[in-house]
Every structure is written in C-alpha cells, then in structure tokens.
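Notes follow the structure.
What follows is calculated from the coordinates using simple rules that are stated; it is not laboratory data. Note that the coordinates shown come from a computational prediction; the quantities given were computed from them, not determined experimentally. Note that each Cβ is placed from the backbone with ideal geometry, even for glycine, and that neighbours are counted across all protein chains shown.
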Amino acid sequence: MYGYIRPLKGELKIKEYEQFSAVYCGLCHTLRKRYGFLCRFFVNYDFTFLAMLLADEDYKPSLSYRRCSASPFRKKCVCETSRVSEIAADYSIILAYWKLMDSLEDEGILKKAYIWPLSVMVRGKYKKAVSRHREFASQVQGKLKELQEYEQSEEQSIDGAADKFALILEAAAQVITNEKRRLIIGKLLYHIGRIIYILDAVDDIQEDFAAGRYNPIIKRYNLTSGVMDDELKEHLKITLHHSANIAAADFELLDGTAYTDIISNILYLGIPNTIELVFSGKWRTVKERLPR
C-alpha cells in the first residue's frame, strides 16, 4: 500500500538481504497462487514486514529457486508459501481493495478512469479474502468508515486520524494464537500504523493542498501553502520517532525468530531513514526496489 516499512539496505548483511528478498518474492508468488497474476502487483514492503513479524520462534522458512515474469532468465531464492505468507497476502488484498475505493473518492476523473476497472477486477479477489478473514475484514471496513467520517468532519487532531488507521494494523495481530505475542505484536503494529498514516500525510501534503483534499497536517496547523516550516517538521519527526521507539521496545519483548535481525534493521534503521527521506522531500526520488 505505501512501502514505508523497509530495511536500510546498506546495513543488511548479504544473508539478511537474501532472506528479505526471499520473503518478498515468496509473498509475490503467494499472491499469484491465491488471487491470480495481476494481484502480484499488490506486493509491497509493508506486508513483507508483516509476514516476517507473524513468523514465530518455531517457524522455519522453506526455500526454493524459481523464475518468474519479473526474473524470467535467472532463478531467484523464494520462500515457499506458508501460513504467514498466506495471511499477509490475504490482508494485502483486503487493504488494497479499500485503498482503491478511497482513491475513487479522492482522485480526479482521469485517474478514476483506470482505478475503477482495477477496483472491479479486485472485487472478486477481495470477497475471496474476506471469506478467509471475516473478522479482520469487518474491522478494516469499520475503522476505515470511522476514518472517512473523521476526515469529512475536518477534525484538526492528527493523532485522532492516525489512531483510526493504526487500529487497522493492530487488528492484523488477531490471527496469533499465543496471547502474549498477540498483545505485543498488536501494539507494535499500532505504532507502525501511526507512522504510516502520518508519513503518508507528510508525503502527500503538496498534492492534497493543490487538490483541496483533507490532510490532517494542513488542517491542524492551518497551513496556507503546501510547505511546512522547519519547526513543524521537527515537531512531527519527534512524534514519529516516539512511535518508532515504542515499536522497537515492544519488539524486544518477543522471542527470537528467523527474521529477528532483519526486523531489527527495519525498526532501528529503516524507519528512521524513511522518516528523514520523506521530510527532506527525497523519498519519491531515491527510494529503490530492494529485491532484484
């Protein structure tokens, strides 16, 4: 959906980079297997992170080498489909569908011309994913409705809007059977959700201002342009780093897994790096596709 939750590539060991790429590619293959070829385009780093986070201490990834449409000549290491990749794929479809629905509400007529056919194509896949995760889908729909109503009321609280989105990601932990892990990962995902929502608002601030769309930052600080001053940037960075620190502290309460080192990189290095890139205006120009 957004792609903000990713590792800092330069600080990954070769083995860790290959592991991350294998999970990413495995999620892509799982999306194709469960929902068809076109749904592979919904693969992203945020749900790669979720797939790794859902893997408990007993999870042992099964690896193979495959070609695909993105790499037709060279086989790539891929994590075989597992319960965690299936859950991440299902959740990807559910949230991608509602992201498309939201875009149909916000975008102009030209963008709607290609978003609408895509949403029609995804609708059947969405219903299939809902049949597998009815409780999660219900919570997503409910919280997104609350968020839409909140935004339409043009409330000024950034935390109020971010909270409703964060609760959606927190709900992703409900599939975890171990109560301790479920509570810890739920709170971790809550703060990841806050980070994603606020970063997206910062990243879109100029476009939202030009289009006259609701943006919690524009509304809260009554910005008369699409530009934030340095003081406001620092203030927002502080709240984002605070959530990142809480997420990292929650993660330290969990037992080690096959992906502990990669997740640590994401929480301690990747997210802070993304925050700096978004606020410096470099995010859209320097972000790179990690797996290759």
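A compact table of results
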read-out	value
Neighbour-count order for 74, 182, 194, fewest beta carbons within 10 angstrom listed first	74, 182, 194
Phi to ³J(HN,Hα) by Karplus 6.51 cos²θ - 1.76 cosθ + 1.60 over the stretch 115-126, Hz, x for Gly, Pro	6, 4, x, 5, 5, 5, 5, 7, 4, x, 5, 4
Linear extension gain, residue 222 paired with residue 269, 0.36 nm per residue minus alpha-carbon span	13.7 nm
For the chain, the Rg and Dmax computed from alpha carbons only, in angstrom	18.7, 54
Options 192, 244, 172, ranked by Cα towards positive dipole end of the stretch 150-246, top entry (Cβ charges)	172
Sorted by Cβ neighbour density within 10 Å, fewest at the top, the residues 120, 202	120, 202
The chain - charge dipole about Cα centre, Lys and Arg +1 at Cβ, Asp and Glu -1, debye rounded to 20	1840 debye
Theoretical ellipticity at 222 nm over the chain - DSSP helices of four or more residues, -39500 (n - 2.57) apiece, nearest 500	-21500 deg cm²/dmol
Neighbourhood net charge (12 Å Cβ-Cβ; Lys/Arg +1, Asp/Glu -1) for residue 38	+3
Inter-centroid distance (Cα atoms) of the stretch 123-173 relative to the stretch 254-272, Å	26 Å
Positive minus negative residues near residue 257 (Lys, Arg vs Asp, Glu; Cβ under 11 Å)	-3
Ranked by how many other beta carbons lie within 10 Å on average, peptides 44-52, 251-259, 228-236, 92-100 from highest	44-52, 92-100, 251-259, 228-236
